Every structure is written in C-alpha cells, then in structure tokens.
Amino acid sequence: QAPLVESGGGLVQAGGSLRLSCAASGRTVSYYTMGWFRQAPGKERDFVAAIMVGGNTYYTESVKGRFTISGDNVKNLVYLQMNSLKPEDTALYYCARRRYYSPYYSRTDEYDDWGPGTQVTVSS
C-alpha cells in the first residue's frame with residue numbers, strides 16, 4: 001500500500017475547476033505537514049500549497065485566491081481545490097507528507113513521503 005495516493009486530475013478548459021484528493025495511509029493527516037507540489041516536463045518540482053499541523057495554510061503566490069488546501073480528518077484525505085485554472089497550471093501534481101513541522105515547507109527535500117502524482121491538463 002502506497003503511503004499517499006493522489007486522484008482527481010484530468011483535462012479541463014481554462015477557467016474550470018478540479019479538486020484533487022490525496023489519500024493518506026497511517027495516522028490521520030492532521031498530525032502531519034501536508035503539501036502539494038507540481039512538476040511540468042523538463043521543469044523543477046515546485047511548491048503549490050501546504051497545510052501545517054494546527055491548520056495554518058501556505059500557498060505559492062501564483063495560486064493564491066484560486067487554490068485551497070484542506071484536510072478531512074475523518075476520511076484521512078487532503079484536498080486541493082483548484083478554481084479558475086490556467087494553462088500554466090498544467091503539471092503532474094504530487095501530494096507530500098512530512099512527519100514533523102518545518103518552516104521550509106516549500107522545499108521538496110523536507111518531505112518524507114510522496115504519492116505517484118495525478119496529471120492536471122488545462123486547455124486554452
């Protein structure tokens with residue numbers, strides 16, 4: 001069983017919405033720092049959003065006001081609600097988990113677990 005599995009990706013028109021889900025095995029997601037990252041072909045894996053133990057959330061500037069990260073402690077899921085999607089949002093989206101708090105939540109090397117990714121493609 002993979003520790004994290006993403007779902008919800010797909011092909012959408014610009015301006016549309018998708019909600020990505022990350023199913024996390026083990027302890028409830030509220031005990032971890034959870035992050036979403038994305039990577040386009042030939043590019044670095046970039047930070048998108050994170051939710052801390054305690055509920056504080058952080059976003060990369062380009063998605064503020066459009067994306068929302070949230071957790072469901074009952075279902076042990078983390079969501080990324082993506083609205084007003086743009087072609088530049090096209091990427092493979094990854095869920096990540098860190099077992100302890102870190103102020104470096106935007107760094108890929110701060111996370112312990114990664115899902116295999118789910119593809120988001122936004123057409124113009």
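The values are calculated or read from the model by the stated rules, or taken from the named source; none is laboratory data. As the structure is a prediction and not an experimental result, all values here were calculated from the model. Because the Cβ atoms are built from the backbone with ideal geometry, glycine has one as well, and the counts that use them run over all protein chains shown. Heavy atoms of the whole protein, side chains included, go into the accessibility calculation; ligands, DNA and RNA do not. Shrake-Rupley method; radii C 1.70, N 1.55, O 1.52, S 1.80 Å.
General observations
- Scan of the stretch 92-104 for residues that are within 12 Å of the chain's Cα centre (by Cα) and either of a type in the set (Ser, Thr, Tyr) or buried (at least 22 other Cβ atoms within 10 Å of the Cβ) (or both), ordered by number: Tyr93, Tyr94, Cys95, Ala96, Arg97
- Evaluating Ser70 against the criteria (1) in contact with a strand residue (DSSP E or B) (Cβ under 6 Å, 6 or more places away or on another chain); (2) open to solvent by 30 Å² or more (accessible area, probe 1.4 Å); (3) farther than 26 Å from Gly15 by Cβ leaves one unmet condition, (3).
- Residue match in the stretch 3-19 (condition: of a type in the set (A, V, I, L, M), open to solvent by less than 50 Å² (accessible area, probe 1.4 Å) and farther than 30 Å from Ser124 by Cα): yes
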